[in-house]
Amino acid sequence: MPVHRFHDRPHFLASNQRITARQVARLCGHVFCLLLIPAFAAWGTGRPFIFPSLGPSAFALALGEDTISARRLVGGHSIGIASGFFSYHLLAWGLAFTTFPVTWSFIDLRLAASGILSLLLTTAGMLATHSRHSPACATTLIVSLGLMPSLADCAIIFVAVLSLYGTHQIFFMHRKASRP
């Protein structure tokens with residue numbers, strides 16, 4: 001059975017086990033708690049502290065089937081943010097895939113090139129720094145395609161990722177301290 005690195009116990013979604021409703025409820029509760037701080041920040045500020053790549057990161061943390069560390073989670077998203085920001089401002093500044101542009105337009109080409117460059121930079125950066133975290137590839141696309149391209153948007157993404165990991169560490173420390 002796979003062993004969860006942080007909790008030294010088999011994770012409850014091993015392929016040879018039947019999943020109980022209690023286990024599903026526990027996983028959903030953990031994901032819910034991880035997303036509470038960013039959700040309240042989004043609600044209170046009107047800014048997008050919840051974004052598509054935060055969900056897979058929360059799921060990976062709650063499930064625990066991958067070796068998630070600060071280096072991988074925070075580092076991967078940081079590389080994705082920086083790569084997306086660089087690519088967007090180099091190739092597609094002022095553009096976004098939020099409207100229906102003309103097909104085969106130069107605008108589409110610039111946005112597509114920005115997305116490709118950001119993914120290449122993110123991939124190379126994560127491999128070079130040993131901070132592989134797949135959801136960071138979604139983060140880089142969110143930035144490089146103009147959905148959250150400003151420096152303030154990038155800071156919001158970073159704060160949301162930090163709050164997610166910090167909340168997870170609080171849960172981890174609480175569980176470890178409460179063990180006999």
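Whether a residue is charged (D, E, K, R), touching a residue at least 40 places away in the same chain (Cβ under 8 Å) and in a helix (DSSP H, G or I) was assessed, and Asp153 passes this test.
Evaluate the following for Ile107: is it under 29 Å from Ser163 (Cα atoms) and β-branched (Val, Ile, Thr)? Judged against the criteria, Ile107 is not a match. Apart from one condition, Leu111 fits all of (1) touching a Cys at 6+ places or on another chain (Cβ under 8 Å); (2) at pLDDT below 95; (3) among the aliphatic types (A, V, I, L, M); the exception is (1).
Restricting attention to the stretch 1-33 and to residues that are under 24 Å from the mean Cα position of the chain (by Cα), at pLDDT 65 or above and β-branched (Val, Ile, Thr), the residue that is surrounded by the most Cβ atoms within 10 Å (Cβ to Cβ) turns out to be Val31.
Going residue by residue through the stretch 138-149, is there one that turns out to be out of contact with any Gly (no Cβ under 7 Å at 6 or more places or on another chain), more than 30 Å from Gly29 (Cα to Cα) and buried (at least 16 other Cβ atoms within 10 Å of the Cβ)? There is at least one residue in the stretch 138-149 that is out of contact with any Gly (no Cβ under 7 Å at 6 or more places or on another chain), more than 30 Å from Gly29 (Cα to Cα) and buried (at least 16 other Cβ atoms within 10 Å of the Cβ). Exactly one residue among Thr139, Thr99 is within 21 Å of Phe51 (Cβ to Cβ) and within 19 Å of the chain's Cα centre (by Cα), and that residue is Thr139. Annotation: Val74 fulfils all but one of (1) β-branched (Val, Ile, Thr); (2) at pLDDT 95 or above; (3) over 21 Å from Thr167 (Cβ atoms); the unmet one is (3).
The values are calculated or read from the model by the stated rules, or taken from the named source; none is laboratory data. Note that the structure is predicted; figures quoted are calculated from it, not measured. No Cβ is skipped: glycine too gets one built from the backbone with ideal geometry, and neighbour counts run over all protein chains shown.
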